[in-house]
Amino acid sequence: MPTFSYDGPDGATHAVDGEPWFWIARYRDGSFLPQFDVRDGAFHRFDEIDLARLAVFEVRPAVGPECVFQVRIAPGMRPIFFKRHRRLHVGTPHEHHEVLFCFGYQETVGGRNVKCVLAVRPDGAVSIENHDGRPE
Amino acid sequence: MAATVEICESNGAGETVTHDIANSNMGAVDAAELDPVANPVTPGNNTYEKYQRFHVTAMGGSSAIDNLKVWRTGALGGAAVHVTNARETSYAQATYAIPVATDSTAATQTMPTSEPTGANLGVGGGLTGQLTAAGYSDYLVHQVQTDPGDTAGATTTMNYQYDETA
């Protein structure tokens, strides 16, 4: 994976490796903000997304077969993106560390929290993870 | 976007912290990464408590680590129980104390045997707490309590999970 950079809270520039899956925020005016920007080598944080202008939240693999997920953002919807790290069977011969790339959206409908979360699993399977355990 | 997160264990009166533990072996001594063969638990006795924490050593450009979950898998032998302070409701932050092999007063709930629905270990005393800079989660306290009729060789293995937001 290529390396990108970002300015940390300490004012210094830090390097960060690309990820197998990443997001692109596509805005209504046609501009876009990729998590990993190959144009200038910059890494962008999730909280840099301008939600007021967001039209499509896109998640795609960095390499491999083209497989693009798009969440069309209506007013009131918020995109979701996080990595779930699972360190399983610690200290045994079966120990392994797996990472799930989770994404989707959340909105409040009639005062009720509604969200849809998908997870790309290490074997490439995509699962629905609506009961993701995260706070509402 | 790659925070560095390890599991650390605290032991002893002076709270010696062992970082990035390779295992969570439990036995008849208060030590990290102990040898369970050399330090077996006599049936009817307890293991020493474990005091462990998630430790973020670098945020790596990410903004938050949260939704911490722990659970066990494997077949405990006989009537042995694996108890913990981790819980999804009525959660309270544990404070470090010298680990003991008497019945734990901190670990009083059965360790889940599958992934909990929600977070069961907190940050800053709350299950919705987040680590946004290098630092530690609350203490995970756990202990195996055996029965005189238990047989040797039963296993329970630990699983640790967290979410990382860029």
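Coordinate-derived values only; no laboratory data. Quick caveat: nothing in here was measured; it's all calculated off a predicted structure. All Cβ positions, glycine included, derive from the backbone under ideal geometry; neighbour counts span all protein chains shown.
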Overall Cα dimensions of segment A:1-109 - principal axes, largest extent first, Å: 51, 39, 32
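Nearest 20 debye, what's the magnitude of the dipole of segment A:3-128 about its Cα centre given +1 on Lys and Arg Cβ and -1 on Asp and Glu Cβ?
With only Lys, Arg, Asp and Glu charged at Cβ, the dipole is about 600 debye.
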Computed Rg/Rh of chain B, alpha carbon atoms with Kirkwood Rh: 0.97
Given 12 as the ceiling on other Cβ atoms within 10 Å, longest exposed-site-free region of chain A for trypsin sites (Lys or Arg not before Pro) in DSSP loops: A:40-136
Calculated on alpha-carbon atoms, Rg and Dmax of segment B:62-156 in Å: 14.7, 49
Loop-located trypsin sites (Lys or Arg not before Pro) in segment B:1-105, at most 10 other Cβ atoms within 10 Å (DSSP): none
Residue-by-residue Karplus 3J(HN,Hα) for segment B:25-38, coefficients 6.51, -1.76, 1.60, Hz, glycine and proline x: 4, 10, x, 8, 9, 8, 7, 7, 6, 6, 8, x, 6, 7
Average partner coverage of A:90-101, which counts Cβ from other chains inside 10 Å: 3
Span from the segment B:107-166 Cα centroid across to the segment A:65-92 one, whole angstrom: 23 Å
Reach of residue A:115 by Cα under 27 Å, taken over lysines that are not fewer than 8 positions away in the same chain: A:83, B:69
Measure of compaction for the protein assembly as shown (Cα Rg per 2.2 N^0.38 Å): 1.11
Relative contact order [Cα under 8 Å, 6+ residues apart], chain B, whole percent: 33 percent
About the Cα centre, charge dipole magnitude for the protein assembly as shown (Lys/Arg +1, Asp/Glu -1 at Cβ), debye: 880 debye
Shielding of B:15-23 by partner chains, average beta-carbon count, 10 Å: 1
Relative exposure of B:30, B:147, A:10, judged by other C-beta atoms within 10 Å (fewest first): A:10, B:147, B:30
Distance-filtered residues of segment B:41-84 - backbone nitrogen under 15 Å, label point 7 angstrom along residue A:94 Cα→Cβ: B:71-77
Spacing of the two label points (7 Å from each Cα toward its C-beta) at residue B:117 and residue A:27, in nm: 4.1 nm
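Assigning unit charges at the beta carbon (Lys, Arg +1; Asp, Glu -1) and nothing else, what dipole magnitude in debye, to the nearest 20, does chain B show about its Cα centre?
So the dipole magnitude of chain B works out to roughly 200 debye.
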Residue mean of other protein chain beta carbons inside 10 Å, A:79-87: 6
